[in-house]
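To start, the structure itself, in structure tokens.
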């Protein structure tokens, strides 16, 4: 690690820092989506049984014990069950809109890291080559060509590092965006079902 930093210079330090940030974001998001994963049908069946019995406090407790985007919407529906269909739908839609930022949290940052890492690597290579050829210009000639080759190879390290950071970052970014979009679409598709569900349970 220290050898890479010493050879790559400040640009390498920045790339390594971004790789750590990307790793933290990926782990946090994977844990988040794992935490909100649930058996939706089983959850809804439990809620339906409680609501049909008129045990609304019990239904809210079920939602509180299963904190997911769907349970948050169901909780809002329970709390607004005495309103009309339009009001219930609007309240659930508003709650769904509040869930979107939680689902997409940090994904923009991860996407930015994925796209700028190769550019930073290229910048490090360019600045490294400028230094290497600067040495050549001052000396006029190089008796040992390996000195110039060593300088160039060290400069290319930043490009390699940038690509190594970018590839997994792009892969996980696309995967996590897909997970977020799937969850959002699922919530949107369930809104009308929720409205009918709560009006039937009143």
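FYI, it's all coordinate maths here, none of it is from the lab. Since the structure is predicted, the reported quantities are computational estimates derived from the model, not experimental observations. No Cβ is skipped: glycine too gets one built from the backbone with ideal geometry, and neighbour counts run over all protein chains shown.
Along the Cα-to-Cβ line of residue 186, 7 Å from the Cα, sits a label point; which residues in segment 55-76 have backbone N less than 19 Å from it?
62-76
Between residue 174 and residue 49, what FRET efficiency follows from the Cβ-Cβ distance if R0 is 41 Å, with the result rounded to 0.05?
On the way: r = 39 Å, r/R0 = 0.96.
About 0.55, to the nearest 0.05.
For the residues 17, 172, 33, what sequence is obtained by ranking on other C-beta atoms within 10 Å, fewest first?
17, 33, 172
Once a ≥ b ≥ c are taken as the square roots of the eigenvalues of the Cα gyration tensor of segment 53-97, is the result rounded (a/c under 1.5), prolate (a/b larger than b/c) or oblate (a/b not larger than b/c)?
The shape class here is oblate.
Between residue 37 and residue 160, take the C-beta separation as r, use R0 = 41 Å, and let me know the FRET efficiency to the nearest 0.05.
0.70
Calculate I(q)/I(0) for segment 4-110 by the Debye formula, one identical point scatterer on each C-alpha and no solvent, and give its log10 at q = 0.12, 0.20, 0.23 Å⁻¹ to two decimals.
Taken in order of the listed q values, log10 I(q)/I(0) reads -0.56, -1.05, -1.21.
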